[in-house]
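*Asks:* I'd like to ask you about the structure that follows.
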Amino acid sequence: MAEQMEAEERASSSALAAPSSEAEPAAGRADTSKRLLLFNTLVDKFLAGLMEAGSYQRFAGCYHKFYKIQPEITRSIYEQFVTQLLSCINAEIQELKEEGNLERMLDSLDTLEREAGDNLEVQWRPSGIPEEDLRSHLVPYLLRQRGYLRRLVKEKQQENARLGQSVLTGREKIEEMRREIERRRQAWQSLSRSQRDLVLSLHGSSSPPSFPTL
């Protein structure tokens, strides 16, 4: 019984052992991206592991009673199921490759690697921890912004200091002008009194003419 199931499983596996949708054509092209070849290889290994996990022996074991009655139909159902499953998986993978433009992106990575040549300078790579990746990009930007704001504040402070000095200078000039005006007013008043005293002394009048006062 077990030998028969193993023989049928080998027959089913050989019938369903088809390459992935683009593995062989891609391998036959000389200009195919090595990353694309690696991707196709990984897909093939994944499908092979899937086939191994869902082997015909396990399938028949799950439906043992039905297998004992109709072994040929059981194998046919299994082959149809696995064929449709592989077809759906390959279609989904191909759709993802087309939507994400995967082949072009992988080719671009190969081009960047070739252009880098012998450049051993360490380039930034994501660490896999979003907080650290964000910090590594955000902190330098914030430091530059802080430096810019500090320079701006310093310039404003210097400008305010110049304006404050100009205001003080203006106030000093106004105060000096006020003192000069007061000094001239007092000199004029003194001169007016002197003139009036002089007139009184010359005329000896009891009602001297009036003089304007400041």
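*Asks:* Does SER33 count as hydroxyl-bearing (Ser, Thr, Tyr) and modelled with pLDDT under 85? Spell out the reasoning first.
*Replies:* Details: hydroxyl-bearing (Ser, Thr, Tyr): yes; modelled with pLDDT under 85: yes.
It is true that SER33 is hydroxyl-bearing (Ser, Thr, Tyr) and modelled with pLDDT under 85.
*Asks:* Which one of these is surrounded by fewer than 10 Cβ atoms within 10 Å (Cβ to Cβ) and over 22 Å from LYS34 (Cβ atoms): PRO130, PRO140? Even if it seems obvious, please write down each step before you answer.
*Replies:* Working: PRO140 fails: surrounded by fewer than 10 Cβ atoms within 10 Å (Cβ to Cβ).
Answer to the check: PRO130.
*Asks:* Taking the stretch 62-103, which residues are surrounded by 12 or more Cβ atoms within 10 Å (Cβ to Cβ), more than 16 Å from ASP44 (Cβ to Cβ) and among the charged types (D, E, K, R)?
*Replies:* If the condition is that a residue be surrounded by 12 or more Cβ atoms within 10 Å (Cβ to Cβ), more than 16 Å from ASP44 (Cβ to Cβ) and among the charged types (D, E, K, R), then ARG75, GLU79, GLU103 are the ones that fit.
*Asks:* Name every residue in the stretch 51-88 that is in contact with a Ser or Thr (Cβ under 7 Å, 6 or more places away or on another chain) and part of a loop (DSSP other than H, G, I, E, B), in order of residue number.
*Replies:* TYR63
*Asks:* What's the number of the condition ASP118 fails, among (1) open to solvent by less than 100 Å² (accessible area, probe 1.4 Å); (2) outside any helix (DSSP H, G or I)?
*Replies:* Result: ASP118 fails condition (1) only.
*Asks:* Could you check the stretch 33-51 and list, in sequence order, the residues that are crowded, with 16+ Cβ neighbours inside 10 Å, touching a residue at least 40 places away in the same chain (Cβ under 8 Å) and not hydrophobic (A, V, I, L, M, F, W, C)?
*Replies:* SER33, ARG35
The values are calculated or read from the model by the stated rules, or taken from the named source; none is laboratory data. Every value quoted in this text rests on a predicted model; they were computed, and no experiment measured them. Every residue, glycine as well, gets a Cβ built from its backbone with ideal geometry; the counts of neighbours run over all protein chains shown. These area figures cover heavy atoms from the full protein model, side chains too; ligands, DNA and RNA do not enter into them. Shrake-Rupley method; radii C 1.70, N 1.55, O 1.52, S 1.80 Å.
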